[in-house]
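The values are calculated or read from the model by the stated rules, or taken from the named source; none is laboratory data. Treat the numbers as computed from the prediction; the structure is a model and nothing was measured. Glycine also receives a Cβ, built like all others from the backbone with ideal geometry; neighbour counts cover every protein chain displayed. What goes into the accessible areas is simple: the full protein's heavy atoms, side chains included, and nothing from ligands, DNA or RNA. Shrake-Rupley method; radii C 1.70, N 1.55, O 1.52, S 1.80 Å.
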Amino acid sequence: DEVAYYATALSDAQILAHYQNGTNASPATPYDTLILSDSPIEYLRLNEPAAVPPVVNSGTLGGPFDGTYGGDITPNTIGPRPPAQPGLESDNIAVAMTNGYTTSPVLPLNTNTVTVVCWLKPETVPTGGDIGWPAFLGLGNGLGATGMHIENSGGRPQRELRYHWNGGNWGWGSGLIVPADTWTFCAMVVEPDKATFYMSDGDTLLSSVNNTTHAALDLATPPGFGGNQSASRTYIG
């Protein structure tokens, strides 16, 4: 839920503010207002009542980059909301995905400086493959080229936050294990010389850093935010 994609690297303080806002009983501004204040190019609240277009983009790229749903999804499900996430609306809704996704037109980017934030609630064992939650899935280098995901294969820790970029960094693990069946705030910040992951543990915001270079990625195909790989698209997780 609440997937936002920025063509900038948000700071530690900005990421912390997002997390604290969502978990604050009396936030100074509504959660969605704070997200928009940092100027995401794509912001999908995923609160549509049915699986029909458009999936509204509230980011700076606006309506031309609205998304569409596909695959096995259940819209209008309970999203992060009070009491656990009191900064979000009491009636906030989300989308459940097993082998589903939402995708938008190709983003006008060629960069190695991006931020992705979202709330996710994975199963104990994420369904089908290692892409188990709504996340930025940048496409361009073939299956699995770029993006963030939670692990469910290869003998690695279940639900560990991981990523790949331009076909590399498959072997790095963040050590951050996303709790099962719990709405959890997560973020990925990619910069030319490092990638930083953030995850809430219910009380604090944890982080993990991979200090390595990241070449610019030219997004040649539509980005997707999804629950699993789709045979009709070259998703990266």
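Below, the figures for the structure above:
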item	result
Sequence-separation-based contact order of region 144-206, relative, with Cα cut under 8 Å and 6+ spacing, percent	23
Net charge contributed by nearby residues that have their C-beta within less than 13 Å of V189 (K/R +1, D/E -1)	-3
Over region 19-72, relative contact order from alpha-carbon pairs under 8 Å, at least 6 apart, %	26
Overall Cα dimensions of region 1-126, principal axis frame, Å, largest first	36, 35, 29
Estimated distance in nm for a label pair at T60 and A28, the labels positioned 7 Å out from Cα along Cα-to-Cβ	2.1
1.4 Å probe accessible area per residue over region 49-130, in Å²	42
